[in-house]
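The values are calculated or read from the model by the stated rules, or taken from the named source; none is laboratory data. Source: prediction; values computed, not measured. Here Cβ is always computed from backbone atoms with ideal geometry, including for glycine, and neighbour counts include all displayed protein chains. For the accessible areas, the whole protein counts, side chains as well, though only heavy atoms, and no ligand, DNA or RNA atoms are used. Shrake-Rupley method; radii C 1.70, N 1.55, O 1.52, S 1.80 Å.
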Amino acid sequence: MANFFDQLGDILFLDIETASLTEKFEDLSSRLQDEWIKKEKLIQNEHGKVEPGALYFDKAGIHAEFGQVICIGVGYFQWKKRTRSSFLDLKFLQILTNGNFFCHLIAY
């Protein structure tokens, strides 16, 4: 069992939280509204027939073209050390918006 706990230290856990681009379907540009309606037709089979835009708030965040990243959590196990570490720094928002998050993470 001790070997199992040693191997847990080799795993990096990422938790990426997303949300829809806008709060309401109506706030999307007309081009994105048209695209969402096409996407929604594929999703409708699970939910039955729905009004255009009805699934936007609940489902848009899981589709890359209609979602945005709002939080990234990173964690790992350390069984032998009693320390805490964090990848978050004051430049996090800039790193996230520039799309260089993973390059910055690897540099740690």
> Any idea which of Phe13, Phe87, Phe101 is aromatic (Phe, Trp, Tyr) and either at pLDDT 90 or above or open to solvent by 70 Å² or more (accessible area, probe 1.4 Å) (or both)?
Replying inline: Phe13
>> Of all residues being of a type outside the set (Gly, Ala, Ser) and more than 16 Å from Asp58 (Cα to Cα) in the range 16-31, which is modelled with the lowest pLDDT? Just the residue, please.
In response: Ile16
> Pick from the range 7-36 the residues that are in contact (Cβ under 8 Å) with a residue 40 or more places away in the chain and acidic (Asp, Glu): which of them is nearest to Pro52 (Cα to Cα)?
Replying inline: Glu17
> Does the range 46-58 hold any residues that are out of contact with any Ser or Thr (no Cβ under 8 Å at 6 or more places or on another chain) and either open to solvent by 40 Å² or more (accessible area, probe 1.4 Å) or at pLDDT below 80 (or both), and which are they?
Replying inline: Glu46, His47, Gly48, Lys49, Glu51, Pro52, Ala54, Asp58
> Given the conditions (1) open to solvent by less than 40 Å² (accessible area, probe 1.4 Å); (2) part of a strand (DSSP E or B), which single one is not true for Ile43?
Replying inline: (2)
